[in-house]
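Every number in this text was worked out from the coordinates using simple rules, so none of it is lab data. Everything numeric in this text was worked out from a predicted model, so none of it was measured. Ideal geometry is used to build each Cβ from the backbone, glycine not excepted, and the neighbour counts take in all protein chains shown.
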Amino acid sequence: MKKLLRALFALFAVVLLVAGGVAAWGWSQAQAFLDAAPQEAGEDLVLTIPRGAGPRAIARLLRSEGVVTNADHFYYFLRYREATPKLRAGEFQFRTDHTPEQVLTALLEAREVMRPVTIPPGLRYTEAAVRAEEAGLGPASRYVELAEDPEFIATLSLPLEEAPRNLEGLLVAETYSFPTGAGIDDLVRAQARRFVEIWTDDRRARAKALGMSVYDVTTLASVVEKETGQAAERPLIAGVFHNRLRIGMPLQSDPTIIYGIPNYDGNIRRKDIRKPHPWNTYTIPALPLTPIAAPGLEAIDAVLNPDETKALYFVSRGDGTHHFSSTLSEHNRMVDCYQRGRKHRCN
């Protein structure tokens with residue numbers, strides 16, 4: 001009996017030693033995994049975590065892309081850290097020289113990768129629609145549909161006295177950022193929200209002091225935007241237009257003619273200047289019916305804070321800038337000088 005007990009005790013001791021060895025080996029393996037990174041000199045990777053992907057699928061994806069060294073170990077690490085309920089879908093940025101702890105931080109705490117979409121000032125909503133489609137947000141037709149839908153427009157809470165006929169000029173042209181999966185609706189709503197944001201109490205008060213509505217300012221700003229690409233000139237051009245409106249003089253802005261010409265081919269003809277339509281400011285002594293493009297914030301502020309000037313006219317010098325005149329005779333000389341090449345008229 002004593003021999004049996006001694007044998008059993010010896011066997012138990014061996015089992016303990018083996019178990020201890022296995023545990024020590026397991027611990028060393030786990031520690032090695034937690035301390036290791038796939039690469040010493042890493043690189044940035046943007047990976048998409050699909051919707052509905054479980055922890056095993058995520059671990060396999062990270063392993064296949066070289067973000068972690070072992071998919072099974074990372075799966076059990078997620079379970080050990082009780083992180084599985086917190087995993088999110090979306091695009092995330094990782095590095096291939098990060099440890100599992102750093103990878104987990106990226107999964108749980110890092111912001112989803114956002115992709116920029118730029119809509120430049122001076123575009124009609126039909127043109128902005130094309131940019132949105134090119135950015136991969138969806139069909140241009142959806143952008144146009146929303147911009148012309150009265151029921152949708154009514155949901156935007158725009159700071160206007162009356163509902164607009166469409167969203168021309170009211171979708172702010174800036175750079176926006178969206179996560180994967182965003183669409184046309186997200187962009188249009190973001191642009192409309194930005195319009196609401198820029199019309200602060202101060203800007204509204206300034207518009208009121210000028211005797212203009214928010215829509216009036218936006219409309220005039222769209223004309224200023226289309227007249228010049230020179231930021232420094234915008235307040236002066238706005239001053240000229242304010243002077244003309246004050247005395248009931250037509251704005252006589254070529255971009256307003258162009259807006260009303262279907263399939264514009266790049267040329268303004270005499271018949272185009274004479275043909276009345278609601279945007280032709282050669283035939284109406286007032287603002288066009290609607291904005292003719294999306295003005296940038298600089299153009300809006302130029303209309304709200306125009307330069308004080310006696311000028312009533314301006315003509316392009318051909319280099320992107322303009323010559324401003326307070327009399328018609330001077331203006332006609334400058335037209336001869338810059339538009340007709342009669343250099344003797346430049347003085």
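Work out, in µm²/s and without decimals, the Stokes-Einstein translational diffusion coefficient of the chain at 20 °C, 1.002 mPa s, Rh from Kirkwood over C-alpha pairs.
Values: Rh = 25.4 Å.
Translational diffusion coefficient: 84 µm²/s.
Put +1 on the Cβ of each Lys and Arg and -1 on the Cβ of each Asp and Glu in the chain; which of A53, I292, S157 then has its Cα farthest toward the positive end of the dipole?
A53
What's the angle, to the nearest 10 degrees (0 to 90), between helix 328-338's Cα axis and the longest principal axis of the chain?
Helix 328-338 and the main axis of the chain meet at about 60 degrees.
With each run of n ≥ 4 DSSP H residues scored as -39500 (n - 2.57), what mean residue ellipticity at 222 nm is computed for the chain after dividing by its residue count and rounding to the nearest 500 deg cm²/dmol?
After summing the helix terms and dividing by the residues of the chain, the value is -14500 deg cm²/dmol.
Which of E225, E109, E145 moves the most in a Gaussian network model of the chain with Cα springs under 10 Å?
Checking each option, the largest mean-square fluctuation is seen for E109.
Based on Cβ point charges of +1 for Lys and Arg and -1 for Asp and Glu, what charge dipole magnitude is obtained for the chain about its Cα centre, in debye rounded to the nearest 20?
Dipole magnitude for the chain comes out near 260 debye.
With springs connecting C-alpha atoms under 10 Å apart, model the chain as a Gaussian network and identify which of V144, V335, V172 has the largest mean-square fluctuation.
V335
Given H placed 1.01 Å from N in the peptide plane, which residues other than close sequence neighbours of R81 have an amide H under 5 Å from its amide H?
Placed amide hydrogens put nothing under 5 Å from R81.
Give me the dipole magnitude in Debye, nearest 20, for segment 82-209 about the Cα centre, with unit charges on the beta carbon: positive for Lys and Arg, negative for Asp and Glu.
It comes to approximately 300 debye.
What percentage of all Cα-Cα pairs in segment 114-198 are separated by more than 17 Å?
Values: 1425 of 3570 pairs.
Considering segment 114-198, 40 percent of its Cα-Cα pairs are separated by more than 17 Å.
Among V315, Y75, A182, flag the residue with its Cα farthest along the positive direction of the charge dipole of the chain, charges on Cβ as +1 for Lys/Arg and -1 for Asp/Glu.
Of the candidates, Y75 comes out farthest on the positive side.
Quick one: which residues, 5+ away or cross-chain, put their amide H under 5 Å from the amide H of R115? H built at 1.01 Å from N.
F178
Between R79, R203, R189, which gets the highest mean-square fluctuation from a Gaussian network model of the chain, Cα cutoff 10 Å?
Among R79, R203, R189, the largest GNM mean-square fluctuation belongs to R79.
Please list, ordered by chain and number, the residues whose modelled amide H lies under 5 Å from the amide H of E174; skip anything fewer than 5 residues away on the same chain.
Those qualifying (amide H under 5 Å, at least 5 residues apart or on another chain) are I119.
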